[in-house]
Amino acid sequence: MLEVPPTDYHQPILHDPTDQSPITRQEEDISFYEKQIVALHNLMRAKKQLPSFDAVRRAAEEVDGQFVAQAFSDEIPDFLRHRLPDYGERRVLAMERVLQDLNYVSREELKQQFQALDETASCQPLAQVADAPETNETTYALPQYQVGDLVQVIPHDKAGHIRTPVYLRQKKGIVKCLQGQYLNPEDLAHFKSPVFRLPLYLVEFEMPEVWGDRCPAKSLKDKLRVEIYEPWLSPLP
Amino acid sequence: MSNISTQNDEPLPEQTGSAEAHNHSHEPIADDEAYWAQRTRAIQTLLAAKGFFTADEVRREIEREDSVTPMLGARLVARAWVDAEFKQRLLADGKAACRELDIDTAEIKRLEAVENTPSVHHVVVCTLCSCYPRAILGYHPPSWYKSTAYRNRVVVDPRRVLAEEFGTVVPDTLEVRVMDSNADTRYLVIPLRPEGTEDWSEAALRQLITRDSMLGVAMAESPHS
């Protein structure tokens, strides 16, 4: 399995604290194709043909970046280039990217099959299913923090898939729980190998610490609890 | 050909601008959904031809996912309401408690039940994508849960979002605790058991436990409603 480095148009998930747009409560029916792509993804993961769910998350962020930068190749037809893809569409595009990353299908095969409708287009037989990443299960990092420790999220500007929300950068919180040791999803997403287990903490942040003057008066004593992998934390006295 | 494609059996028109040789309609695709259905069907057909799975496996997986509804979460909560020892086990290890009730959580790495009390109200969001306890609430989160508006706003002003968008007023005396399920844990909120249900059976209580109450955007239904 080849590592997939971050693309230059990869876009981390942004957060807009000024957003006041209404939350549409109407629940849309799920399209059949959306059920189908989700089922394909879950099935392939259950059959260990996909090494983790994280690669599709990373690929979806690449799709986001592709639309923002308008960095299209022919996989996006003209009529789709003028709006952002919705949830299910984005999932289809992300899944196609991951299948190509793993050399399961080629762009050409996808194009030909799309044209062939219900006929099965000719395609290359599968060479091999991607290996699971090598994981180091013996060297557990000794957790550096204890429950009650004060910590600060580092201001790191890491390229590629990240699992620490951007709104928490440099925010101070308190460790509430060690959740366990989990394979680093930021490496799994890019098919790195070997992948190490990292201590994962539940960290509590006070709302005024995170939002400053934007914190609503009624939420001065409210809290945010977020899971942070140890490399994203620095100790505070 | 795939059994599951029967719902999408219309012959689909060709994508605009293609110069490939073909013998079907040249109408441009006017319907986005038809376009994405065909594109998804192409992925499935190709992967099946390469031996990753059969169309029958995909159909059964869709059926399995369709069969998962918030009723599974409601079973956990109702049991926790009537059985204090079960509640302690649920709070200690969500996946183990699911196994007791034969609920399959294989794809959830860690499940944490968070209990609403007279002093704390929990509400769940995923600001990164739309991580959701699918194995116990259903494979497709509601549209609002996936929306950028909910993901942007509920972490900043949870009380206003709950009150104005969901009609759920959390008293000032309670702490609101927003759980961002950004990493490996999926959360299940155990809502407060409504007053006036002391004599209710577990089966009757389940009817009061809605999906939204297990995400913390609503309270459990009142026995009078």
Check the range B:68-77 and report whether any residue there is surrounded by 15 or more Cβ atoms within 10 Å (Cβ to Cβ), under 20 Å from the mean Cα position of the chain (by Cα) and farther than 30 Å from A:Lys48 by Cβ.
yes
Within the range B:166-185, restricting attention to residues that are more than 7 Å from chain A (Cβ to nearest Cβ), among the hydrophobic types (A, V, I, L, M, F, W, C) and closer than 15 Å to B:Val114 by Cβ, which residue is nearest to the chain's Cα centre (by Cα)?
B:Val170
When you go through A:Gln66, A:Gln112, A:Gln124, A:Gln100 one by one, which is the residue that is over 26 Å from the mean Cα position of the chain (by Cα) and modelled with pLDDT of 90 or more?
A:Gln112
Would you check if there is a residue in the range B:205-220 being surrounded by fewer than 22 Cβ atoms within 10 Å (Cβ to Cβ), out of contact with any Cys (no Cβ under 8 Å at 6 or more places or on another chain), within 10 Å of another protein chain (Cβ to nearest Cβ) and of a type in the set (A, V, I, L, M)?
no
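Each row is one residue, and each column tells you yes or no for (1) at the interface with chain B (Cβ under 10 Å from one of its Cβ atoms); (2) out of contact with any His (no Cβ under 8 Å at 6 or more places or on another chain); (3) surrounded by 17 or more Cβ atoms within 10 Å (Cβ to Cβ); (4) among the hydroxyl-bearing types (Ser, Thr, Tyr).
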{"site": "A:Gln179", "(1), (2), (3), (4)": "yes, yes, yes, no"}
{"site": "A:Tyr182", "(1), (2), (3), (4)": "yes, yes, yes, yes"}
{"site": "A:Pro194", "(1), (2), (3), (4)": "no, yes, no, no"}
{"site": "A:Pro199", "(1), (2), (3), (4)": "no, yes, yes, no"}
{"site": "A:Glu204", "(1), (2), (3), (4)": "yes, yes, no, no"}
{"site": "A:Asp213", "(1), (2), (3), (4)": "no, yes, no, no"}
{"site": "A:Lys218", "(1), (2), (3), (4)": "yes, yes, no, no"}
{"site": "A:Glu227", "(1), (2), (3), (4)": "yes, yes, yes, no"}
Residues of the range A:146-175 being surrounded by 15 or more Cβ atoms within 10 Å (Cβ to Cβ), over 23 Å from the mean Cα position of the chain (by Cα) and not in a loop (DSSP other than H, G, I, E, B), which ones?
A:Val151, A:Lys172, A:Gly173, A:Ile174, A:Val175
Test set (1) outside the structural domain of A:Glu62 (by TED's automatic domain parsing); (2) free of Cβ contacts under 8 Å to residues at least 40 places away in the same chain; (3) under 28 Å from A:Asn42 (Cα atoms) - A:Lys171 fails condition number:
(3)
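The values are calculated or read from the model by the stated rules, or taken from the named source; none is laboratory data. Note that this is a predicted model, so its numbers are computed, not measured. With ideal geometry, Cβ positions are generated from the backbone for all residues, glycine too; neighbour counts draw on all protein chains shown.
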